[in-house]
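The next block holds one structure in the form of structure tokens; read it before the comments.
The values are calculated or read from the model by the stated rules, or taken from the named source; none is laboratory data. Since we're looking at a predicted model, the values are computed, not measured. FYI the Cβ positions are ideal-geometry reconstructions off the backbone, even for glycines, and counts take in every protein chain you see. Calculation scope for accessible area: heavy atoms of the full protein, side chains included, ligands and nucleic acids excluded. Shrake-Rupley method; radii C 1.70, N 1.55, O 1.52, S 1.80 Å.
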Amino acid sequence: MGKFVIKKVATGIKFDLKAGNGEVIATSEVYTTEDACRGGIASVAKNAPAAGVEDQTAAEVETLKHPKFELYEDKAGEFRFRLKATNGQVIATGEGYKTKAGCLNGIESVKKNAADAEIIEAE
């Protein structure tokens, strides 16, 4: 089962979604308040399981409605994803993956772990 880990950073508060093995599979933006951060968690938990995957690396990109995961290639040539809520706002991002298949596995892990993940606060 996944976990949302809330932690304070120099500029505010953020969360990481961790898979059952403890690996970070998605990260949030930095929020100014814990309430806003918890709202972001609720949004990821609600939107991730229902979100489709828009592959922006495909020759012909099929534009999907929100919520969606956008799969794209960064400047370093790594595959990444961002999860957008129904309003189009980015609510979580993934790490860089060497392969598209690895990135798709990361997306599936977020979908699977977000819905019933517990929320804990970092030590």
Based on the Kirkwood radius over alpha-carbon pairs, what is the Stokes-Einstein translational diffusion coefficient of the chain at 10 °C with 1.306 mPa s viscosity, in µm²/s? 110 µm²/s
Per-residue [θ]222 nm for the chain (sum of -39500 (n - 2.57) over DSSP H runs n ≥ 4, rounded to 500): -7500 deg cm²/dmol
Would you list, by chain and number, the aspartates and glutamates whose Cα falls below 19 Å from the Cα of Lys46, excluding same-chain residues fewer than 8 positions away? Asp16, Glu29, Glu34, Asp35, Glu54, Glu70, Glu108, Asp116, Glu118
Segment 48-104: trypsin sites (Lys or Arg not before Pro) in DSSP coil with no more than 14 other Cβ atoms inside 10 Å: Lys65, Lys75, Lys98
Mean-square fluctuation check for the chain, GNM, Cα pairs under 10 Å: which of Glu29, Glu108, Glu62 is largest? Glu62
Return the distance in nm (one decimal) between the two label points of a simple spin-label model at Glu123 and Glu29, each offset 7 Å from Cα along Cα→Cβ. 3.2 nm
Which distance in nm do the two modelled labels at Tyr72 and Ala42 give, with both placed 7 Å along the Cα-to-Cβ direction? 2.8 nm
Dimensions (Å) - segment 1-47, Cα atoms, principal axes, largest first: 28, 23, 12
Using Cα atoms only, what is the angle between the long axis of helix 100-114 and the major principal axis of the chain, expressed in degrees (0 to 90) to the nearest 10? 40 degrees
Per residue value of the accessible surface for the chain (all protein chains in place, 1.4 Å probe), Å²: 54 Å²
Compute the long axis of helix 34-47 from its Cα atoms, compare it with the longest principal axis of the Cα atoms of the chain, and write down the angle in degrees, 0 to 90, nearest 10. 40 degrees
